[in-house]
1. Give the whole-number value, in cubic angstrom per residue, of the convex hull volume spanned by the C-alpha atoms of the chain.
2. If I fit a long axis through the Cα atoms of helix 131-142 and take the longest principal axis of the Cα atoms of the chain, what angle between them do I get, 0 to 90°, rounded to 10?
3. In the chain, what percent of the accessible surface is made up of carbon and sulfur (1.4 Å probe, ligands and nucleic acids excluded)?
4. Can you show me the helix-derived [θ] at 222 nm for the chain, built from DSSP H runs with n ≥ 4 at -39,500 (n - 2.57) apiece and divided by the number of residues, rounded to the nearest 500.
5. What three numbers, in Å, describe the spread of the alpha carbons of the range 216-334 along their principal axes, ordered from the longest?
6. Using a 1.4 angstrom probe on the protein heavy atoms only, line up Lys84, Lys352, Lys291 by accessible area, largest first.
7. In nm, what is the difference between 0.36 nm times the number of residues separating Arg11 and Val279 and their Cα-Cα distance?
8. Taking 0.36 nm per residue of sequence separation and subtracting the Cα-Cα distance, how much length would be gained by fully extending the chain between Glu334 and Ala153, in nm to one decimal?
Amino acid sequence: MESLVCTGCRREVDGRLWQARCPECGEPLEVTAPPGGTVRDGAPLLERFANFLPARSLGLHDPAAVLTLGEGNTPLLPLETIGKRIGLPRLLVKVEGANPTGSFKDRGSVAGVQRARALGFRAVGTVSTGNMASSMAAYAARAGMRGVVLVSATIPRAKLAPIAAYNPLLIGVEGDYGRLYHLSLELGPKLGVAFVNSDDPYRVEGQKTLALELWQQLRRQVPDAVVVPVSSGGHMAALLKGFRELYALGHIERLPRLIGVPAAGCGPIAAAYRLGSTVPVPWAEVRTIAKAIANPSPPSGRRLLQAARSGAPLHFLSVTDDEIMAAYWQLSQEEGIFAQPDAAAAVAAAHKLAESGVLRPDETVVAILTGHGTKDLTPLESNAPVRLRTCSLDELPGVLESAL
Ligand SMILES: *Cc1c(COP(=O)(O)O)cnc(C)c1O
Ligand SMILES: [Zn+2]
């Protein structure tokens, strides 16, 4: 069985137990490096990259028992119009909204739920208000397991529907969200619920497949830079792990620069990075439309800041709501790509980085569009840019003619 290592103190921990955090220092655990090998094209995500994953812990030896909803293999598309205008002719987007429940979280959920099932759990849970909740509830249903979703009691009803569709045990909890996160990890093992939260070691393994898939789609090359929206930091930590493992296995000659993008209205990791600190700066008030990139107490913050301090090519840049919304409309209206505001933040950041010369015109840059536009319709509902003209059948030819 593969072992787990603490990302903080590097202590080794028994990999046969369900645990996400180091019993000594409390930092997230991670799976040790994989053996490497071939990529099995055409197979479901976990099987495709089995040689790069903890295959034994995940129980991947039996193909019939490999969980899938068709996650991964998402499009990597050039942004020709936007790229040219902002001076990045080689700007690409990875459309993670094309995953089964509309976000990159599905890559992590499939691995986390597969691991929980391999360990004999009959219930899996998560603490989330959005994409992670619907993703976990979907994979729980697919695996024939009980889903448990703990949300903040103040969650808007509109956000509940896409979670409730899968019928998990859904509980709204009052109180501090950061504490709820840690409480879930404490209660889970006692109650037989495997909580697959943002920094769960197996979720990170699943999410790391995005780095592997980019390498595969770019014909065994990596881009010069990857721009990724950041909240808890779990996704960015997973990408770094994936690229580092490709490097250690000798598949790539350098790591891409990774640029993490929080909302300006809540960026504890970016603020700490600017101060040269390895402790996320606590954030009192969250003010942004992009709630999925605004975690006031990011569980993977220290891990990322420590990696940056010890030389990993990590950078952070926050973007304002105005910058996010400009990118949001450009993506849908000029490129035909509908991404949620939190995802469009990656393109907004690429624009700023091109202006400041951090990203250069000759560089291949991939912006990760983390979630689909239908996951959050707030901008369309509140600003009402939806214009509907009405006319009779008789009037239609004239209306069309004058409009076209
Ligand atoms: C979860 C999520 C993020 C943030 O990912 P973290 O792993 O929490 O940093 C960004 N964008 C979207 C759309 C998400 O659902
Ligand atoms: Zn530790």
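1. Details: hull volume 64.0 nm³, N = 404.
In the chain, the Cα convex hull volume per residue is 158 Å³.
2. 60
3. Carbon and sulfur atoms account for 53 percent of the accessible area of the chain.
4. Estimated from H runs of four or more residues: -11500 deg cm²/dmol.
5. 44, 39, 18
6. Numbers: Lys84 155, Lys352 60, Lys291 120 Å².
From most accessible down to least: Lys84, Lys291, Lys352.
7. Values: separation 268, 0.36 × 268 = 96.48 nm, distance 2.00 nm.
This chain segment gains 94.5 nm when fully extended.
8. Working: separation 181, 0.36 × 181 = 65.16 nm, distance 3.80 nm.
Length gained between Glu334 and Ala153: 61.4 nm.
The values are calculated or read from the model by the stated rules, or taken from the named source; none is laboratory data. It should be emphasised that the depicted structure is a prediction, and the values quoted were computed from it without experimental measurement. For neighbour counting, all protein chains shown are included, and Cβ atoms are generated from backbone atoms with ideal geometry for every residue, glycine included. Just so you know, the surface numbers come from the protein's heavy atoms only, side chains and all, with ligands and any DNA or RNA stripped out. Shrake-Rupley method; radii C 1.70, N 1.55, O 1.52, S 1.80 Å.
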